[in-house]
Amino acid sequence: MSEARITHIGGPTTLIEVDGWRLLTDPTFDPPGRRYAFGWGSSSRKLVGPAVAVGELPPIDAVLLTHDHHADNLDDAGRALLPSVGAVVTTYSGAARLGGGAVGLRPWSVHTLRQSGRPPLEITATPCRHGPPLSRRITGDVVGFALRWPGQEHGALWITGDSVLYDGLRQVGTRFEVGTMLLHLGGVQFGVSGPLRYTMTGADGVELCSLLTPRTVVPVHYEGWSHFRQGRDGIEAAFAATAPELTWLDLGKPGTVPI
């Protein structure tokens with residue numbers, strides 16, 4: 001059986017350590033207090049700083065960047081970190097913006113990390129839609145990541161990315177057995193666009209999990225920013241009568257998850 005050591009640093013940012021690989025998702029390390037513009041009149045204030053400082057990170061083999069154009073997924077300190085990591089894997093359009101050898105993936109395309117002494121780690125980009133229908137031209141491209149490596153017992157480790165619930169997410173279950181899910185939630189809304197949502201709520205997460213039946217579900221992307229409209233209490237209420245039981249990671253403290 002394989003295990004992953006996962007540290008939730010804050011927002012969507014996690015450190016995933018497995019079989020010698022160290023992966024960092026959506027690096028956000030700016031201090032709290034600043035307001036960031038997200039375009040088309042939307043903005044958000046960062047309320048909480050990272051639970052692990054950049055200087056406390058181990059050497060990073062790859063950054064898995066769901067998208068580069070929103071500061072709650074890549075802020076200034078996170079961007080400054082990118083040149084020092086082994087690889088950056090992101091959207092096809094984001095790789096063109098970032099340069100520096102970033103690997104750009106379209107949905108369902110694959111990139112494999114290889115290094116002597118470690119098992120190969122296969123990264124498949126999965127679809128996301130970061131808002132309501134027809135919003136992609138405004139909200140931009142986003143991907144999730146399904147991770148597979150030899151020895152997995154329960155299925156792939158899937159990072160959903162920032163997305164509403166739609167057919168693209170549902171298709172993941174037709175292509176992969178998902179054992180562990182890093183579930184991006186938060187029910188993101190902005191005053192300028194009223195009731196429109198840009199990420200999943202707890203109820204959406206329940207529906208998705210009922211389709212994919214993962215063994216372990218780790219909520220991320222639900223705290224630390226003013227545009228998150230549903231925090232832990234609301235998510236727990238939505239999942240109260242469902243399986244599996246949510247796995248909450250204390251910020252900054254590693255947790256071990258069987259994969």
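The values are calculated or read from the model by the stated rules, or taken from the named source; none is laboratory data. Please read all numbers here as calculations on a predicted model, not as lab measurements. Here the Cβ is made from the backbone with ideal geometry for all residues, glycine too, and neighbour counts use every protein chain on show. Side chains included, ligands, DNA and RNA excluded: accessible areas come from the protein's heavy atoms. Shrake-Rupley method; radii C 1.70, N 1.55, O 1.52, S 1.80 Å.
Assorted remarks:
- From the alpha carbon centroid of the range 72-112 to that of the range 1-63 is 14 Å.
- Near A4, the amide H atoms lying under 5 Å from its own belong to V257, I259; only residues 5 or more places off or on other chains count, and H is placed 1.01 Å from N.
- A full extension of the chain between V192 and A237 corresponds to an added length of 13.4 nm, given 0.36 nm per residue minus the alpha carbon distance.
- Sites matching trypsin sites (Lys or Arg not before Pro) across the range 24-126 that sit in DSSP coil, with at most 15 neighbouring C-beta atoms within 10 Å: R34, R114
- Of P27, P132, P219, the one that fluctuates the most in a GNM where the chain has Cα springs shorter than 10 Å: P132
- Under-5 Å amide H pairs with G131, H placed in peptide plane, nonlocal only: V164
- Phi angles of the range 54-67 translate, via the Karplus equation with coefficients 6.51, -1.76, 1.60 and θ = phi - 60°, into HN-Hα couplings of 3, x, 8, 6, x, x, 9, 7, 7, 9, 9, 10, 5, 6 Hz per residue; Gly and Pro are given as x.
- Largest-first principal axis extents of the Cα set of the chain (Å): 51, 43, 33
- Whole-angstrom gap from the range 156-175 to the range 198-244, using each part's C-alpha centre: 14
- Taking only the C-alpha atoms of the range 149-259, the Rg (one decimal) and the largest Cα-Cα distance, Dmax (whole number), read 14.0, 47 Å.
- Nonlocal amide H pairs with V103, under 5 Å, H built at 1.01 Å: V88, V89, T90
- From phi via Karplus (6.51, -1.76, 1.60), per-residue ³J(HN,Hα) for the range 241-254 in Hz, x at Gly/Pro: 9, 10, 10, x, 5, 5, 9, 8, 9, 5, 4, x, 10, x
- Share of carbon and sulfur in the accessible area of the chain stands at 50%, probe radius 1.4 Å.
- Phi to ³J(HN,Hα) by Karplus 6.51 cos²θ - 1.76 cosθ + 1.60 over the range 38-53, Hz, x for Gly, Pro: 10, x, 6, x, 8, 7, 8, 9, 7, 9, 9, x, x, 7, 10, 7
- Sequence-separation-based contact order of the range 142-229, relative, with Cα cut under 8 Å and 6+ spacing, percent: 30
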